[in-house]
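Single-structure report; data block below.
The values are calculated or read from the model by the stated rules, or taken from the named source; none is laboratory data. Because the structure is predicted, anything quoted here is derived from the model rather than measured. We place every Cβ from the backbone using ideal geometry, glycine too, and count neighbours over all the protein chains shown. Just the protein is used for accessible areas: all its heavy atoms, side chains included, with ligands, DNA and RNA removed. Shrake-Rupley method; radii C 1.70, N 1.55, O 1.52, S 1.80 Å.
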Amino acid sequence: MRKAPEWRSWLPTSRQLRFSVQSTLARKFPAIGDRNNFFADNANLRLAPNEHLLTVDERSSCALPQEVQAFFEEHGALEQSRYPLPIPPAGHTQLRLHKLVDCLVLGSTGSTVLKAQHRQIEAAASNTRRFARLKDRTIQTAAINMLGMKAGHRHYYHFICDVAFPLLFLLEHLEPFMTPLKILVRENLPEFQREFFEHLARETPLLSLEECGANERLHCKTLYHCMPAMNCEYRAPASEQAASMVATHYLAAYHLDMHKTPATRLYIARDDAKIRRILNEKSLKEQLEARGFQSIIPGRQSHKEQVELFNSARIIVGTHGAGLTNLLFTQVGGKLIEIFPADYVQSAYAWLAHLRGLGYAPVIGGKSGAHQHFSLSQNAIGQILHEVDALEFVNPITEMQAL
């Protein structure tokens, strides 16, 4: 996307102004905030009558390879700018399981509100909340809030990597259920979420789904909540075990063979993407297809087709983007060649490749222009082809044993 001129940062946006006015009104007159479902953040989950049930650390058993760490230390200025401390090479997530009493779930933002404190657990997003009049409905059984933000809950990477495992962890520690439990979800779920939740419901006794409209406010007497605290947002899932749990869930849901020998070569095209497209992609595509690659556009396939293709892939080439989330479904012994614009380098998919036992080779293109589109030099294309050809000389069985 185009970068805003520097002077623009000096002026507040209409969203910021609205948020400031509404925040002031809600703070000074709590009844107005309550009536319009605008609550302060940072509710204290540990105060009675809420109960802290469990805390568990989820850690990776090993760090990113040294050469991959060196690459992101050299080129990952964008990622490093978001953290005051050095970005850790290994994943670590602390998962805290809470049993909350007398809560509200807001369909407008997806937030959980503790009634006794008139505060929500965490912000839906900075400066995006607004006053909303919602219809009240009561949920009699215990529940889990999985609404997510009204706009953004469909984002593929963040659901698969940030949301799926904490939910599986929560359910694992609540079983066996002695009473019915509902998962609160949004209406019109995307396919990858619908299949995830429905498979849970099929496999778990006394578990069911409850849809919540954007215009509803649900009153829940008991709400279970899993609060993950990550050492870096790009180190999710935190461990090999967490990644395997999510992958196994989907492979079982789609009745796919988890142990077939990977042999497919995939090029992940971004023809349907609005940002981060390769301007001279044709030359790269032609040379990869001459080497037996299959070009796919994940957004134009069903989720089952995506999972099946990545599960059978031995080598994957693609630009940094949400389609690479499907690395989670790959098998040990393959390789990812990830392409970046020079000014947009992030380690999320290097981490996924590492967790799934894949080799990893990053390639830097030119600086991005409008909409983050960029070009590849002949040297960069040559580097991609060299990495592809190099895999031909590796014995897959030996490589798997080494990993």
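What is the Cα radius of gyration of the range 339-391 over 2.2 N^0.38 Å, N being its residue count?
The reported ratio for this selection is 1.24.
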Requested in this report: Along Cα→Cβ, 7 Å out, is where each label goes; now give me the distance between the ones at R291 and Q117 in nm to one decimal.
Outcome: 5.3
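The chain: longest stretch without exposed GluC sites (Glu not before Pro) (DSSP loop, at most 15 other Cβ within 10 Å), sites themselves excluded? Working shown, then result.
Values: sites that count: E122, E187, E233, E392.
It works out to 234-391.
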Report summary line: The answer for the longest stretch of the chain without any exposed trypsin sites (Lys or Arg not before Pro) (DSSP loop, at most 12 further Cβ atoms within 10 Å) is 134-259
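Please compute one quarter of the surface area of the Cα convex hull for the range 212-258 and express it in square nanometres.
Values: hull surface 24.3 nm².
For the range 212-258, averaging the hull's shadow over all directions gives 6.1 nm².
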Report summary line: Over all pairs of different Cα atoms in the range 185-295, the reciprocal of the mean inverse distance gives a Kirkwood radius in Å of 18.7
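For Cα pairs less than 8 Å apart in space and 6+ apart in sequence, what is the mean separation divided by the residue count of the range 143-206, i.e. the relative contact order in percent?
Details: 29 pairs, mean separation 34.0, N = 64.
Computed value for the range 143-206: 53 percent relative contact order.
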Query - Stokes-Einstein D in µm²/s, Kirkwood radius over Cα pairs - the range 258-403 at 37 °C with 0.692 mPa s viscosity - result: 215
**Report entry** Difference of contour (0.36 nm per residue) and Cα-Cα distance, E187 to R137
**Finding:** 16.5 nm
Report summary line: Taking the alpha-carbon centre of each part, the distance from the range 81-125 to the range 277-304 in Å is 38
Requested in this report: Could you give the size of the charge dipole of the range 173-275 about its Cα centre, using +1 on the Cβ of each K and R and -1 on the Cβ of each D and E, expressed in debye and rounded to the nearest 20?
Outcome: 180
Query raised in the report: Just the C-alpha atoms of the range 231-276: what Rg/Rh do they give, with Rh taken as the Kirkwood radius?
Result: 1.08
Query raised in the report: Normalised by the residues of the chain, what does the relative contact order come to in percent, with Cα pairs under 8 Å and at least six apart?
Result: 17
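With viscosity set to 1.002 mPa s at 20 °C, what whole-number translational diffusion coefficient in µm²/s follows for the chain from Stokes-Einstein and a Kirkwood radius over Cα pairs? Mind showing how you got there, number by number?
Values: Rh = 23.0 Å.
The estimated diffusion coefficient comes to 93 µm²/s.
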Query raised in the report: Charges only on Cβ, +1 for Lys and Arg, -1 for Asp and Glu: so what's the dipole of the chain about the Cα centre, in debye to the nearest 20?
Result: 1840
Query - Hits among lysines - C-alpha to C-alpha of K115 under 17 Å, sequence gap 8 or more where chains match - result: K99, K135, K221
Report task. Of the options T264, S108, G369, report the single residue whose Cα projects farthest towards the positive end of the charge dipole of the chain (beta-carbon charges: Lys, Arg +1; Asp, Glu -1). Result -> S108
Query raised in the report: Once both labels are modelled 7 Å past Cα along the beta-carbon direction, what's the S375-E67 spacing in nm?
Result: 2.9
Query raised in the report: Taking the Cα atoms of the range 91-165 alone, what are Rg (to one decimal) and Dmax (as a whole number) in Å?
Result: 13.6, 41
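Just to confirm, what accessible area per residue do you get for the chain at 1.4 Å probe, in whole Å²? Could you put the intermediate results ahead of the total?
On the way: 19260 Å² over 403 residues.
The answer is 48 Å² per residue.
I'd like the Kirkwood hydrodynamic radius of the range 1-143, using the inverse of the mean 1/r over distinct C-alpha pairs, in Å.
19.0
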Report summary line: Expressed as a percent, the accessible surface of the chain that is carbon or sulfur, using a 1.4 Å probe and the full set of protein chains, is 53
Report task. Taking the Cα centre of the range 238-299 as origin, sum charge times position over the Cβ atoms of Lys and Arg (+1) and Asp and Glu (-1), and report the length of that vector in debye to the nearest 20. Result -> 240
**Report entry** Cα lying deepest toward the dipole's positive end in the chain, options L206, G333, A238, charges on Cβ
**Finding:** L206
Query raised in the report: Label-point separation (nm) for M178 and H155, each offset 7 Å from Cα along Cα-to-Cβ?
Result: 3.9
